[in-house]
Amino acid sequence: MSDLRLQRLVQHGALLGLLALLVTGCTTMPGMERMPPQPEGVQRAMALAEQGDHIAASNQYEQLASTATGDQRQRYLLFAARELYLADELGRAERMVDAAGGPIANSNLPLWAEVVASIRLAEEDPEAALTALNRVTRAPTREGAIRILELRGDALFRLGREQAAVATLVRREGLLESSAERYRNHLLIWENLERAADPITDLSIE
């Protein structure tokens, strides 16, 4: 290990230890609440998604959107877009986001930001991902807040803003309930810091 990489790892380790002290003060995002029971059609879509059949789940949400109006129609289409993203159908996911139209309702903004940021990160555009995520100030559920903060941390790491990225993921840890989730969050932070500490090398083939 080079002296430069060791120095950067030490710096990152100190940063991680310092920011870990913030966990107890960052346990919520404003606006979190329990979601009401979902209609049967939504439950069916959620079950398909849990089974890994994201295309079928997307189709179910799109069907629900065909009989809905206003903000609810927009929400179903955004759920459909998220399922298409999870199925690795990025082009279709983006078109579905476009079909959801605008302006995005405040109640749908966290879901919209999550879907758009996921697509932009998959397209290697962290700046656009962060722009979408920065529009979110309230998360309706703990799970939604966890996803938003993970995406935000990812975008910040990719942009080289390591201190902000670690602070974001430490804040995320305050929302996690199990030791397994917190351990995964620790790994997420450390692995990103290690990548940031790797020296840039110029490899050539003779």
Worksheet item: Is there a residue being hydroxyl-bearing (Ser, Thr, Tyr), within 14 Å of the chain's Cα centre (by Cα) and part of a helix (DSSP H, G or I) anywhere in the range 68-87?
Response: yes
Worksheet item: Using beta carbons and a limit of 7 Å, which pairs, at least six apart or on different chains, have the first residue in the range 182-206 and farther than 13 Å from Arg172 by Cβ and the second one open to solvent by 70 Å² or more (accessible area, probe 1.4 Å) and modelled with pLDDT under 90?
Response: Ala197/Arg8; Pro199/Leu4
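Return a yes/no flag: does the range 37-49 have any residue that is open to solvent by 30 Å² or more (accessible area, probe 1.4 Å), of a type in the set (Gly, Ala, Ser) and not in a helix (DSSP H, G or I).
Restricting attention to the range 37-49, the residues satisfying the condition of being open to solvent by 30 Å² or more (accessible area, probe 1.4 Å) are 37-40, 43-44, 46-48.
Pick out the ones that are also of a type in the set (Gly, Ala, Ser) and you get 47.
This time we only want the ones that are not in a helix (DSSP H, G or I), so: none.
Among the residues of the range 37-49, not one is open to solvent by 30 Å² or more (accessible area, probe 1.4 Å), of a type in the set (Gly, Ala, Ser) and not in a helix (DSSP H, G or I), which makes the answer no.
On the given criteria, is Leu64 surrounded by 16 or more Cβ atoms within 10 Å (Cβ to Cβ), closer than 15 Å to Trp112 by Cα and either modelled with pLDDT of 95 or more or touching an Asp or Glu at 6+ places or on another chain (Cβ under 8 Å) (or both)? Show your work before the answer.
On the way: surrounded by 16 or more Cβ atoms within 10 Å (Cβ to Cβ): yes; closer than 15 Å to Trp112 by Cα: no; either modelled with pLDDT of 95 or more or touching an Asp or Glu at 6+ places or on another chain (Cβ under 8 Å) (or both): yes.
Spelling it out, it is not the case that Leu64 is surrounded by 16 or more Cβ atoms within 10 Å (Cβ to Cβ), closer than 15 Å to Trp112 by Cα and either modelled with pLDDT of 95 or more or touching an Asp or Glu at 6+ places or on another chain (Cβ under 8 Å) (or both).
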Practice prompt. Evaluate the range 138-157: report whether one residue or more is open to solvent by 20 Å² or more (accessible area, probe 1.4 Å), free of Cβ contacts under 8 Å to residues at least 60 places away in the same chain and not in a helix (DSSP H, G or I).
Written response: no
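Here is a check on your reading of the model: is Ala105 of a type in the set (Gly, Ala, Ser), under 25 Å from Glu177 (Cα atoms) and open to solvent by less than 30 Å² (accessible area, probe 1.4 Å)? Working first, answer last.
On the way: of a type in the set (Gly, Ala, Ser): yes; under 25 Å from Glu177 (Cα atoms): no; open to solvent by less than 30 Å² (accessible area, probe 1.4 Å): yes.
No, not satisfied.
The values are calculated or read from the model by the stated rules, or taken from the named source; none is laboratory data. Note that the structure is predicted; figures quoted are calculated from it, not measured. So basically every Cβ, Gly included, is an ideal-geometry build from the backbone, and we count neighbours across all protein chains shown. Side chains are part of the model used for accessible areas, which takes the heavy atoms of the whole protein and leaves out ligands, DNA and RNA. Shrake-Rupley method; radii C 1.70, N 1.55, O 1.52, S 1.80 Å.
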